[in-house]
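The values are calculated or read from the model by the stated rules, or taken from the named source; none is laboratory data. Because the structure is predicted, anything quoted here is derived from the model rather than measured. Glycine gets a Cβ as well: all are built from the backbone with ideal geometry, and neighbour counts include every protein chain shown. Just the protein is used for accessible areas: all its heavy atoms, side chains included, with ligands, DNA and RNA removed. Shrake-Rupley method; radii C 1.70, N 1.55, O 1.52, S 1.80 Å.
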Amino acid sequence: MDITIRKKEDNQMVFVIEGVNVPFINAIRRICTVEVPTIAIETVEIVRNDAKIFDEALAHRMGLIPLTTDLESMVPPSECDCEDHCPRCSVSLLLKEKGPKTVYSKDLKSQDPQVKPVFDTIPILKLKEGEEVELEAIAQLGIGLEHAKWQPTTSCAYKYYPKITIDKEKCEECAKCADACPRGILEFDEKKNEVKILDIENCSMCKSCVNACESDAITVEGEEDKFIFRIETDGSLSPEEILIQACDILSEKADKIVDFCES
């Protein structure tokens, strides 16, 4: 297996992986999306809500606020021996504001400095003059299989690594394939009188160039064991952390199958 990072930012990473098959890369994608645990608000105890928004809608909106996740010091509620919730399996976030103002995610006061809203400017509700809101939100670990609010990724996908082949013997140098390419992957070099491939990884394999070529001189296909993998997160975890967790989870699943077969 060979991995090459093409792009790396705080909440986004693109890499090329070679030497794997579709079942493996799809398993990683699926685990990244719905099985890597993150922290999200699970319950909301509302003391006062004068705003023009139902309590249920307010609780639902708060559950979708992405929170920074600390996987080292917290455990899922199912693995905790407390009766309700405790600092080991949950984090309390308090909200107490008075209008007139717009209440943002930054107004949530977390009892754990490691767990807080990823973004400060997410609007929660609007308060008019004399209106107040007071509540306590309990955040816990969960996975996307249980609810979408625990999904750490906003985008997680892969595609075959494109492969464009131009048969020079059949090519008539008409430049129709370059003109038909919607992403500018192909360019006709008038000096050398040939078609050049510029940015192969940006190719969507739409085959517009193939359809435009009347002499069937160009073919577009994907390499069987080579993929471009893109992952974007909501900020609760970094792309690296999600991938590491996904690989660990896949390894545990494989170990369980091996143990079952050997027993």
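Please give the charge dipole size of region 196-263, origin at the Cα centre, charges +1 on K and R Cβ atoms and -1 on D and E Cβ atoms. Round to the nearest 20 debye.
260
At a threshold of 8 angstrom on Cα-Cα distance, excluding pairs fewer than six apart, so keeping six or more, what relative contact order does the chain reach in percent?
Reported relative contact order: 27 percent.
Run the accessible area of the chain with a 1.4 Å probe and give the carbon-and-sulfur part as a rounded percent. Could you put the intermediate results ahead of the total?
Numbers: 7210 of 15190 Å².
Carbon and sulfur: 47 percent of the exposed surface of the chain.
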Item to complete: Could you point to the residue in 155, 63, 99 farthest towards the positive end of region 29-173's charge dipole, with +1 and -1 charges on the Cβ of Lys/Arg and Asp/Glu respectively?
Response: 155
Worksheet item: Just going by the charge dipole of the chain, with Lys and Arg at +1 and Asp and Glu at -1 on Cβ, which of 138, 166, 125 is farthest out on the positive end?
Response: 125
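List the trypsin sites (Lys or Arg not before Pro) in region 128-166 that DSSP assigns to loop (not H, G, I, E or B) and whose Cβ has at most 11 other Cβ atoms within 10 Å. Which are they?
Those that pass, being in a loop and sparsely packed, are 128.
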Fill in: Hits among aspartates and glutamates - C-alpha to C-alpha of residue 163 under 17 Å, sequence gap 8 or more where chains match
18, 187, 199, 201, 216, 221, 223, 224, 225
Fill in: ³J(HN,Hα), Karplus 6.51/-1.76/1.60, whole Hz, each residue of region 93-110, x for Gly, Pro
10, 9, 9, 8, 9, 10, x, x, 5, 9, 8, 10, 4, 5, 7, 6, 9, 7
Item to complete: Find the accessible area per residue for region 103-228; the probe is 1.4 Å, ligands and nucleic acids are left out, and the unit is Å².
Response: 58
Item to complete: Calculate one ³J(HN,Hα) per residue across region 6-14 by plugging θ = phi - 60° into the Karplus curve 6.51 cos²θ - 1.76 cosθ + 1.60, and present them in order as whole Hz with x for glycine and proline.
Response: 9, 8, 9, 10, 4, 10, 8, 8, 10
Item to complete: Return the sequence-ordered ³J(HN,Hα) values of region 232-241 in whole Hz as given by the Karplus equation 6.51 cos²θ - 1.76 cosθ + 1.60 applied to θ = phi - 60°, using x for Gly and Pro.
Response: 10, 10, 8, x, 5, 9, 7, x, 5, 5
Item to complete: Quick one: which residues, 5+ away or cross-chain, put their amide H under 5 Å from the amide H of residue 43? H built at 1.01 Å from N.
Response: 138
